[in-house]
Amino acid sequence: MKIVVLVKSVPDTESKIKIGADGVSIDPAGIKFVMNPYDEYAVEEALRIRERLKDDTTVVAISMGPDRVMDVLRTALAMGADDAVHVNDPAFAGGDALGDARVLAEAIRPLGADLILGGKQGIDDDAATTCAAIAEFLGIPQAQIVTELTLSDDHTRMRARRRIEGADEIVDMALPAIVTCEKGLNEPRYASLPGIMKAKKKEIRKVTLADLPLKPEQVGAAGCLTKLIKYHTLPERPPVKMIPGDAAAQAKELVRLLREEAKVI
Amino acid sequence: MAKGVLVFGEVRGGALKPITRELVSAANQLAQAGGGSVAIAVIGEGADAAVAEAKSLPVAKVFTAKHALLASYSSQAYAAALAAVVTAADAGIVLFGATVTGRDLSARTAARCGASLFADCTELSLVGDVLHVRRPVYSGKVYAELESSAPIQMASIRPNVFPPVSGSGSAEVVDVPVQIDDAMLRGRVVEVVETSTGAKDLTEAEVIVSGGRSLKSAENFSILEDLAKTIGASVGASRAAVDAGYRPHSAQVGQTGKVVNPRLYFAVGISGAIQHLVGMRTSKVIVAINKDENAPIFQKADYGIVGDLFDVVPKVTEEFKKLLGT
Amino acid sequence: MQFTLTDEQRMIQETAREFADSEIAPVADRHNREGKFPLEIVKKLGKMGFLGMTVPEQYGGSHAGNLALVIALEEINRVCASTGVTMSVQNSLVNAPLLHWGSDDVKGRYLPRLATGEFLGAYALSEPGSGSDAAGLVTSAVRDGNDYVLNGTKNFITTGKEADVVLVLARTDTSHKTRGITAFVIDAGTPGFSVGKKEDKLGLRASSTVQLILEDARVPAANILGEVGGGFKIAMHTLDGGRIGIAAQAVGIAEACLQASVKYAGEREAFDQPIGKFQAIQFKIADMATRVEAARLLVYNAARLKDEGLPHGKEAAMAKLFASESANAAAREAVQIHGGAGYLEDFPVERYFRDARITEIYEGTSEIQRIVIARHILKNLQ
């Protein structure tokens with residue numbers, strides 16, 4: 001089998017997100033970039049499938065973005081991926097999720113993937129759009145927010161358990177298909193030291209606009225249908241109203257405030 | 001002529017999901033600003049009850065797309081069907097609920113139609129032919145204000161952002177013929193396994209009572225369940241409480257749990273670590289009950305009570321019972 | 001001279017840091033309080049390749065090098081010095097001499113299993129009667145056919161209780177002090193080899209420090225490292241490398257003290273402001289940070305020299321001396337910054353204070369380090 005894993009470089013959850021002076025960018029100072037946490041489940045699942053099948057299954061990690069995304073590609077290689085592809089071109093800058101999905105779809109198309117794995121959403125834009133859009137561009141089925149994945153014995157179909165409100169859906173898919181991974185699908189491994197050293201020797205293949213059947217006006221800022229006007233911080237709430245007294249008095253006053261002042265009950 | 005606003009009417013268990021009423025409210029606001037008419041799309045087989053309900057809402061038309069192969073959800077097939085409806089309705093704006101299926105389908109449909117897409121919006125308006133939205137990014141630490149003037153614009157909207165409409169009208173039902181073949185059915189839902197006891201999913205709840213590790217045991221959560229039952233709320237939990245085994249993971253609110261948007265949120269015995277706040281900070285009103293006056297939660301709450309939750313919460317429940325006569 | 005880490009070194013640092021924070025930190029206090037050896041964690045470290053960082057791939061190691069080793073050691077020791085010393089001993093005091101002086105047969109039998117943590121190793125040089133005067137050891141090794149029969153007691157042996165294989169220095173010739181010592185590799189299951197008293201220590205309480213007793217324990221001559229009589233040279237050369245590991249441990253402990261102090265200075269308030277606003281506290285933190293930085297650079301320098309195959313005895317001693325003294329100074333000030341709270345088990349600094357103390361003593365006391373450094377500089381006096 002050929003498994004392609006989409007990995008994204010995002011600010012880690014501990015980073016303080018500060019809006020840049022221009023209002024339309026995030027200040028990169030003090031931001032540590034890591035592999036999108038949900039993508040770790042995707043890499044791990046690909047590796048587990050390869051280990052289970054014990055055949056010539058290969059795992060290819062692919063990421064789109066500036067040079068810093070090579071770090072997450074190397075992490076994927078260190079975890080055990082066989083190959084890595086870096087999709088990068090000045091023309092791709094300024095694209096939105098759908099535009100980037102179009103580029104990635106074309107970069108993935110020639111790879112002959114049987115299964116494409118990604119994380120359920122990027123914790124930067126929280127859009128959860130890219131993988132579904134890639135699925136549409138490639139004309140293949142998808143299952144998102146998957147907590148369990150089972151391959152059929154002949155490796156042509158897949159069953160995915162996906163989480164919806166108040167229930168789990170079991171989705172049956174013919175391969176090739178796209179699956180986005182949710183926390184709990186597996187426990188991602190640490191990159192081992194031999195893995196880190198071996199990753200050094202693996203080449204990261206580059207893909208630019210010239211390698212894809214797309215025109216400059218279809219990609220990046222030129223092809224973008226949405227525009228970022230401004231970033232805002234969350235409006236501050238007014239200071240908390242602390243309710244004094246003993247428990248009985250507090251309870252009475254709280255209920256009164258919720259009914260008469262906040263009007264939420 | 002202004003293009004129409006189409007609402008995707010998600011069907012669950014044969015009925016229209018409640019968020020549809022909020023989407024219709026949003027759609028009507030947009031139509032008022034930009035002209036054009038509002039319609040609902042109901043896709044699938046055996047959705048007659050949903051269609052009947054959709055008809056009664058304040059919309060001009062209900063478009064249906066029926067096909068045997070649309071009996072169960074398949075993102076590929078539904079996207080194709082919905083795209084056909086978008087064309088038939090001459091829709092310039094398509095609204096989805098930011099539910100799992102809504103976000104799933106909106107992405108595919110937008111890709112198929114070459115439309116723009118804004119996911120999980122908390123604000124939405126139309127100025128001329130420019131759709132203007134706000135949506136949370138970086139786990140809600142920052143809000144992005146965006147706009148689009150693409151010929152077709154799509155957006156998924158968070159629950160509890162727009163007020164639900166009610167109605168007793170009778171819209172016209174138009175059936176749209178769709179071409180669905182087996183090739184589009186390469187992925188479909190074959191089984192649905194209920195995981196909750198039918199209680200409202202936290203992401204859709206309007207009132208939530210959440211507990212932290214201070215509850216000390218799974219049994220003690222009954223104090224919160226009593227309050228929840230009295231005021232019609234769902235029960236949530238912090239990660240610490242879930243890790244300690246007091247509630248299942250499906251109840252977890254926070255960065256690695258669910259993001260909720262109720263109009264009222266009780267944080268009981270929850271300290272207010274950023275990982276929890278990320279999951280509930282857009283709640284309209286936040287009430288914090290904690291015995292530690294320095295707990296960070298008080299900085300994010302609207303109302304705060306410093307006290308022993310085991311003493312305070314039952315008394316709050318009593319007061320609500322008196323108020324609501326339940 | 002600039003220390004820009006390679007991508008691999010950076011990834012190793014991040015992996016070590018993440019592992020330390022996610023897996024070791026939650027259990028470190030408890031293990032230290034209960035005196036429990038962190039076997040599960042050490043085995044995990046082994047599986048990840050952290051116990052074979054200077055072993056070549058052909059023997060199952062990751063061959064990441066000494067600079068990568070000290071970087072990783074700092075991260076592990078920052079969270080638990082007991083786990084850190086176990087990792088240091090395995091890499092520097094067991095794997096290294098086996099690699100350098102073991103026959104192909106010995107290397108093949110032990111290294112792959114030590115490199116992955118399947119085997120744990122220990123290094124037995126000190127005795128009740130000889131610490132700094134290492135050559136004063138009296139454990140005897142008498143030839144008998146194809147074997148040597150060992151008798152004696154070894155003292156203060158780290159991981160001696162859990163080790164599967166132990167490197168033992170014993171006397172094969174009583175007529176020469178330094179040239180009468182030989183290095184043996186002994187399996188823990190050998191009849192006559194037993195674990196004695198477990199020490200109750202001030203610090204490093206999750207690391208087991210024991211006496212090892214040899215009573216007519218037979219070791220095949222094939223298990224000799226290097227030559228008969230070459231043991232002292234092996235021991236000293238091995239300690240040169242081990243000292244860099246302990247220096248890295250000291251940097252880790254000092255860094256932990258710094259981070260704890262910065263955190264506390266920001267949280268604790270006195271006279272209506274965080275104590276970090278007072279110069280007294282600021283000066284302590286500035287001094288602490290400067291010493292950590294200097295110690296780290298000395299450690300990196302010694303490791304780099306070793307990686308390049310260059311002489312590093314003086315630099316290793318300097319790193320160990322400075323880093324261990326810095327760790328103790330940092331720990332003392334960290335407790336002081338915490339005030340009364342620093343004296344309680346509730347805060348981590350009391351453990352750092354206790355753990356730091358040994359770094360000025362083992363693998364060559366600070367006094368010995370000074371002698372080593374002086375010897376290198378004043379060698380023309382001799």
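The values are calculated or read from the model by the stated rules, or taken from the named source; none is laboratory data. Here the structure is a predicted model, which is why all the values come from computation and not from measurement. In this analysis, Cβ positions are derived from the backbone assuming ideal geometry, glycine residues included, and neighbour counts consider all displayed protein chains. Heavy atoms of the whole protein, side chains included, go into the accessibility calculation; ligands, DNA and RNA do not. Shrake-Rupley method; radii C 1.70, N 1.55, O 1.52, S 1.80 Å.
Grab the strands (runs of 3 or more DSSP E) fully contained in the stretch B:106-145, keeping just those with 2 or more residues being in contact with an Asp or Glu (Cβ under 7 Å, 6 or more places away or on another chain), open to solvent by less than 10 Å² (accessible area, probe 1.4 Å) and not charged (D, E, K, R).
Where strands (runs of 3 or more DSSP E) fall fully within the stretch B:106-145 and carry at least 2 residues being in contact with an Asp or Glu (Cβ under 7 Å, 6 or more places away or on another chain), open to solvent by less than 10 Å² (accessible area, probe 1.4 Å) and not charged (D, E, K, R), they are B:130-137.
Looking at the stretch C:324-382 only, could you name the residues that are under 17 Å from C:ALA295 (Cβ atoms) and acidic (Asp, Glu)?
C:GLU325, C:GLU333, C:ASP355, C:GLU360, C:GLU363
Just checking, which of C:LEU305, C:LEU310, C:LEU378 is open to solvent by less than 60 Å² (accessible area, probe 1.4 Å) and not β-branched (Val, Ile, Thr)?
C:LEU305
Yes or no, residue by residue, for (1) within 14 Å of chain A (Cβ to nearest Cβ); (2) open to solvent by less than 60 Å² (accessible area, probe 1.4 Å); (3) among the small types (Gly, Ala, Ser):
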| residue | (1), (2), (3) |
| --- | --- |
| B:PRO159 | yes, yes, no |
| B:PRO163 | yes, no, no |
| B:ASP181 | yes, no, no |
| B:VAL189 | yes, yes, no |
| B:GLU194 | yes, no, no |
| B:SER210 | no, yes, yes |
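Can you find a residue in the stretch B:298-310 that is more than 19 Å from A:MET242 (Cα to Cα) and without any contact (Cβ under 8 Å) to a residue 60 or more places away in the chain?
no
Only one residue in C:ILE186, C:ILE246, C:ILE253, C:ILE213 is under 23 Å from the mean Cα position of the chain (by Cα), assigned to a strand (DSSP E or B) and surrounded by 24 or more Cβ atoms within 10 Å (Cβ to Cβ). Which one?
Among C:ILE186, C:ILE246, C:ILE253, C:ILE213, only C:ILE186 is under 23 Å from the mean Cα position of the chain (by Cα), assigned to a strand (DSSP E or B) and surrounded by 24 or more Cβ atoms within 10 Å (Cβ to Cβ).
Tally up the residues in the stretch C:112-138 that are surrounded by 24 or more Cβ atoms within 10 Å (Cβ to Cβ) and out of contact with any helix residue (DSSP H, G or I) (no Cβ under 8 Å at 6 or more places or on another chain), please.
Number of matching residues: 2.
What's the number of the only condition in (1) free of Cβ contacts under 8 Å to residues at least 24 places away in the same chain; (2) within 18 Å of B:ASN160 (Cα to Cα); (3) of a type in the set (D, E, K, R) that B:GLU204 fails to meet?
(1)
So C:HIS312 ticks every box in (1) closer than 26 Å to B:ALA295 by Cα; (2) in contact with a helix residue (DSSP H, G or I) (Cβ under 7 Å, 6 or more places away or on another chain) but one. Which box is left unticked?
The number of the failed condition is (1).
Does the stretch B:175-220 hold any residues that are in a helix (DSSP H, G or I) and not hydroxyl-bearing (Ser, Thr, Tyr), and which are they?
Of everything in the stretch B:175-220, those that are in a helix (DSSP H, G or I) and not hydroxyl-bearing (Ser, Thr, Tyr) turn out to be B:ASP182, B:ALA183, B:MET184, B:LEU185, B:LEU202, B:GLU204, B:ARG213, B:LEU215, B:GLU219, B:ASN220.
Name the single residue that is nearest to C:ALA170 (Cα to Cα) among those in the stretch C:260-273 being touching a residue at least 12 places away in the same chain (Cβ under 8 Å) and open to solvent by 30 Å² or more (accessible area, probe 1.4 Å).
C:VAL262
Out of A:TYR190, A:TYR231, report the one residue that is under 28 Å from A:PHE33 (Cα atoms), more than 10 Å from chain B (Cβ to nearest Cβ), among the hydroxyl-bearing types (Ser, Thr, Tyr) and touching a Phe, Trp or Tyr at 6+ places or on another chain (Cβ under 9 Å).
One residue alone meets the criteria, A:TYR190.
Evaluate the following for A:ALA221: is it at pLDDT 90 or above, farther than 30 Å from B:PRO296 by Cα and within 14 Å of chain C (Cβ to nearest Cβ)?
no
So, in the stretch C:2-49, of the ones that are touching a residue at least 60 places away in the same chain (Cβ under 8 Å) and in a loop (DSSP other than H, G, I, E, B), which residue ends up farthest from A:GLU203 (Cα to Cα)?
This residue is C:GLY35.
Condition check ((1) within 19 Å of C:ALA81 (Cβ to Cβ); (2) within 9 Å of another protein chain (Cβ to nearest Cβ)) across all residues:
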{"site": "C:PRO26", "(1), (2)": "yes, no"}
{"site": "C:ARG30", "(1), (2)": "yes, no"}
{"site": "C:GLU34", "(1), (2)": "yes, no"}
{"site": "C:GLU40", "(1), (2)": "yes, no"}
{"site": "C:LYS43", "(1), (2)": "yes, no"}
{"site": "C:GLN58", "(1), (2)": "no, no"}
{"site": "C:ALA64", "(1), (2)": "no, yes"}
{"site": "C:LEU69", "(1), (2)": "yes, no"}
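Would you call B:ALA71 more than 21 Å from B:VAL165 (Cβ to Cβ), open to solvent by 20 Å² or more (accessible area, probe 1.4 Å) and more than 9 Å from chain A (Cβ to nearest Cβ)?
Answer is yes for this residue.
Looking only at the stretch B:146-157, filter to residues that are in a loop (DSSP other than H, G, I, E, B) and modelled with pLDDT of 90 or more; which one of those is nearest to the other protein chains (Cβ to nearest Cβ)?
Per the criteria, the residue is B:ALA150.
Can you tell me which residue is farthest from the chain's Cα centre (by Cα) among those in the stretch A:245-265 that are open to solvent by 90 Å² or more (accessible area, probe 1.4 Å) and facing chain B (nearest Cβ under 7 Å)?
A:LYS252
Name the one entry in A:ILE196, A:ILE204 that is more than 30 Å from B:VAL313 (Cα to Cα), open to solvent by less than 10 Å² (accessible area, probe 1.4 Å) and within 14 Å of chain C (Cβ to nearest Cβ).
On inspection, the qualifying residue turns out to be A:ILE196.
Here are some conditions: (1) assigned to a helix (DSSP H, G or I); (2) within 28 Å of C:ARG296 (Cα to Cα). C:VAL55 meets all but one. Which one does it not meet?
Failing condition for C:VAL55: (1).
Identify all residues within the stretch A:137-174 that are surrounded by fewer than 21 Cβ atoms within 10 Å (Cβ to Cβ), touching a helix residue (DSSP H, G or I) at 6+ places or on another chain (Cβ under 7 Å) and β-branched (Val, Ile, Thr); write none if there are none.
A:ILE164
Condition first: small (Gly, Ala, Ser) and touching a residue at least 12 places away in the same chain (Cβ under 8 Å). Now tell me which residues in the stretch C:134-182 satisfy that.
C:ALA134, C:ALA135, C:GLY136, C:SER140, C:ALA141, C:GLY152, C:GLY160, C:ALA163, C:ALA170, C:GLY180
Only one of these is in a loop (DSSP other than H, G, I, E, B) and either free of Cβ contacts under 8 Å to residues at least 12 places away in the same chain or among the β-branched types (Val, Ile, Thr) (or both): C:GLY309, C:GLY340. Name it.
Selected residue: C:GLY309, the only one of C:GLY309, C:GLY340 that is in a loop (DSSP other than H, G, I, E, B) and either free of Cβ contacts under 8 Å to residues at least 12 places away in the same chain or among the β-branched types (Val, Ile, Thr) (or both).
Read through the list (1) touching a Phe, Trp or Tyr at 6+ places or on another chain (Cβ under 9 Å); (2) crowded, with 18+ Cβ neighbours inside 10 Å, then give the number of the only condition that C:LYS44 fails.
Here C:LYS44 meets the rest and fails (2).
With the checklist (1) among the aliphatic types (A, V, I, L, M); (2) in contact with a Leu (Cβ under 7 Å, 6 or more places away or on another chain); (3) away from chain A (no Cβ under 13 Å) in hand, flag the one item B:ALA218 doesn't pass.
(2)
For every residue, the table says whether it meets (1) under 30 Å from A:LEU77 (Cα atoms); (2) in contact with a Gly (Cβ under 6 Å, 6 or more places away or on another chain); (3) among the hydroxyl-bearing types (Ser, Thr, Tyr).
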position: A:LYS206; (1), (2), (3): yes, no, no
position: A:ALA210; (1), (2), (3): yes, no, no
position: A:THR226; (1), (2), (3): no, no, yes
position: A:HIS232; (1), (2), (3): no, no, no
position: A:GLU236; (1), (2), (3): no, no, no
position: A:GLU261; (1), (2), (3): no, no, no
